[in-house]
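Visitor: So that we are looking at the same thing, I have put the structure below in structure tokens.
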């Protein structure tokens with residue numbers, strides 16, 4: 001048995017899944033965690049599973065994060081108790097009813113006695129693979145994929161509208177605190193630990209010039225103008241599983257970053273990621289696709305028009321621009337400090353990611369009036385249907 005297969009078998013056994021791994025494969029998508037698909041046969045039945053190692057450099061309190069996920073998934077099931085099995089996430093539990101397992105030097109350890117920053121410590125979870133499903137790394141220019149993505153993330157917010165967001169642990173503190181992010185960015189610029197600032201002068205100046213706009217939503221929070229909700233905080237199309245045949249959205253996945261936040265950040269992150277004309281690290285040809293933005297907004301507002309306040313609806317296009325600029329600063333910060341956070345495939349990828357996001361941000365600002373008109377038009381239409 002090869003080393004990875006042996007480890008995956010050991011992890012499965014801790015979740016009371018005994019049997020032979022017939023096949024496994026590494027799943028390359030995602031910047032943060034490491035994931036494997038595995039099919040396990042126990043002599044009677046084949047179990048299809050996703051087995052994930054959590055990046056504890058990013059998620060410093062993985063136990064608290066998994067507690068968040070448990071509470072959120074239970075709440076969603078309570079809202080729709082007859083929900084079809086393939087439309088919900090089902091995490092496996094150990095004999096101690098934990099939805100995770102901590103390993104030290106490859107052996108189960110007490111999570112209260114280990115340091116998750118220790119490289120010999122690993123944090124794993126297992127959940128059921130949802131059959132006959134597919135996901136999209138991008139919308140591939142397909143408005144219907146964007147509309148159904150809007151339905152999926154809108155429904156996710158709607159099902160959690162009565163959940164006390166303040167009761168959740170912040171799995172990544174200050175995750176969408178744009179003011180905090182920019183302070184950290186400019187500190188990295190001043191320190192220049194890798195000597196890379198000279199390669200990013202133009203990008204740094206764009207961020208500096210738009211710093212006041214970037215803090216628009218922080219001021220809205222300070223003034224109590226926008227409510228804090230349970231937000232997903234990673235609303236990419238590849239975090240939705242769709243039915244392979246019908247494209248019906250089945251379930252929102254990767255709930256690691258679920259915590260208190262603003263609806264407009266979740267809305268904006270999908271627009272940033274999917275309603276654009278180039279890959280996340282390709283500045284050439286990058287722009288906002290208003291048709292795709294319209295498609296997503298339509299599906300989203302059909303689900304949440306009666307949930308969001310008028311101030312939240314007006315904030316949606318601003319959220320798209322702010323989060324695009326914020327992520328540009330995060331990509332560039334990671335480049336400046338030596339690429340510690342985001343997984344990279346080539347040395348300058350985080351710089352290219354930052355450049356692409358800045359091009360997209362500037363195009364969004366040029367089309368802010370158009371974005372506002374789309375939101376208001378579809379909001380009025382959705383309100384009539386409600």
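Only the coordinates and a few stated rules stand behind these numbers; no lab work does. None of the values given here were measured: they were computed from a predicted structure. Please note: Cβ atoms are built from the backbone with ideal geometry, for glycine as well, and neighbour counts cover all protein chains shown.
Visitor: Hey, what angle do you get for helix 178-191 against the long axis of the chain, alpha-carbon based, 0 to 90 degrees rounded to 10?
Guide: Long axis of 178-191 versus the principal axis of the chain: about 90 degrees.
Visitor: How far is helix 310-337 tilted off the main Cα axis of the chain, in degrees rounded to 10, range 0 to 90?
Guide: 70
Visitor: What is the distance in Å between the Cα centres of the stretch 339-376 and the stretch 161-181?
Guide: Taking the Cα centre of the stretch 161-181 as reference, the centre of the stretch 339-376 is 22 Å away.
Visitor: Calculated from DSSP H runs of 4 or more alone, at -39500 (n - 2.57) each and per residue, what is the 222 nm mean residue ellipticity of the chain, nearest 500? The partial results should precede the final answer.
Guide: Details: 12 runs with 172 residues, N = 386.
Theoretical 222 nm ellipticity from helices: -14500 deg cm²/dmol.
Visitor: Using alpha-carbon pairs under 8 Å, 6+ residues apart, how would you state the relative contact order of the stretch 78-194 in percent? Write down the numbers at each step before the final one.
Guide: Details: 64 pairs, mean separation 20.0, N = 117.
Relative contact order of the stretch 78-194: 17 percent.
Visitor: Have a look at 194, 364, 66 and tell me which one the Gaussian network model of the chain (Cα, springs below 10 Å) gives the largest fluctuation.
Guide: Looking only at 194, 364, 66, the largest GNM fluctuation is found for 194.
Visitor: Here is a further query. Kindly rank 152-162, 258-268 from highest to lowest mean number of other beta carbons found within 10 Å of each residue. Can you show the working numbers first?
Guide: Numbers: 152-162: 20.6, 258-268: 24.9.
Result, highest mean Cβ count within 10 Å first: 258-268, 152-162.
Visitor: Which values of log₁₀ I(q)/I(0), to two decimal places, follow from the Debye formula for the stretch 248-290 at q = 0.30, 0.33 Å⁻¹ with a uniform point scatterer at every Cα?
Guide: -1.04, -1.11
Visitor: Defining a contact as two alpha carbons under 8 Å apart and six or more residues distant in sequence, what relative contact order in percent does the stretch 1-118 show?
Guide: On the way: 125 pairs, mean separation 23.2, N = 118.
Normalised by residue count, the contact order of the stretch 1-118 is 20 percent.
Visitor: Right, here's the next one. Using a 10 Å cut-off around each Cβ, can you sort 90, 232 from fewest to most neighbouring Cβ atoms? Write out the running numbers ahead of the final one.
Guide: Numbers: 90 15, 232 25.
Listed from fewest to most nearby Cβ atoms, that is 90, 232.
Visitor: Using a Gaussian network model of the chain whose springs link C-alpha atoms within less than 10 Å, name the residue from 287, 133, 78 with the highest mean-square fluctuation.
Guide: So, out of 287, 133, 78, the one fluctuating most is 78.
Visitor: If you split all Cα-Cα distances of the stretch 8-158 into 10 Å bins from zero, what percentages do you get per bin, shortest first?
Guide: 9, 33, 37, 18, 3
Visitor: Give me 26, 124 sorted ascending by neighbouring Cβ count inside 10 Å, so fewest comes first. Let's see the in-between values first.
Guide: Values: 26 9, 124 22.
Starting with the residue having the fewest Cβ neighbours, the order is 26, 124.
Visitor: For the peptides 240-248, 326-334, what is the packing order when you average, over each peptide's residues, the other Cβ atoms within 10 Å and list the highest mean first? Mind dumping the intermediate values first?
Guide: Working: 240-248: 15.7, 326-334: 24.6.
Packing proxy ranking, top to bottom: 326-334, 240-248.
Visitor: While we're here: Binning at 5 angstrom from zero up to the longest distance, how are the C-alpha pair distances of the stretch 143-385 distributed in percent?
Guide: Computed distribution, short to long bins: 1, 7, 14, 18, 20, 17, 12, 6, 3, 1, 0, 0.
Visitor: Quick one: angle between helix 3-14 and the longest Cα principal axis of the chain, in degrees between 0 and 90, rounded to 10, please.
Guide: Helix 3-14 and the main axis of the chain meet at about 80 degrees.
Visitor: Right, something else. Measuring from centroid to centroid over Cα atoms, what is the spacing of the stretch 20-49 and the stretch 89-139 in Å?
Guide: Using only Cα atoms, the two centres lie 13 Å from each other.
Visitor: In terms of the ratio Rg/(2.2 N^0.38 Å) built on C-alpha atoms, what value belongs to the stretch 100-141?
Guide: On the way: Rg = 16.5 Å, N = 42, 2.2 N^0.38 = 9.1 Å.
Taking N as the residue count of the stretch 100-141, the ratio is 1.82.
Visitor: Bin by bin, in steps of 10 Å, what percent of the Cα pairs in the stretch 285-386 do you find, going until the bin that has the longest distance?
Guide: Over the stretch 285-386, the share of Cα pairs per 10 Å bin runs 15, 37, 26, 17, 4, 0 percent.
Visitor: Still on this structure, please answer the following. Return 370, 345 ranked ascending by Cβ neighbour count within 10 Å, so the fewest neighbours appear first. Can you show the working numbers first?
Guide: Working: 370 15, 345 7.
Fewest-to-most Cβ neighbours within 10 Å comes out as 345, 370.
Visitor: How big is the gap, in Å, between the Cα center of the stretch 202-248 and the Cα center of the stretch 258-320?
Guide: 8
Visitor: Taking 8 Å as the Cα distance limit and 6 or more residues as the minimum spacing, I'd like the relative contact order of the stretch 173-256 as a percentage.
Guide: Values: 34 pairs, mean separation 16.0, N = 84.
Here the relative contact order equals 19 percent.
Visitor: Using a Gaussian network model of the chain with C-alpha springs under 10 Å, which one of 320, 354, 165 is most mobile by mean-square fluctuation?
Guide: Comparing 320, 354, 165 in the GNM, the peak value goes to 165.
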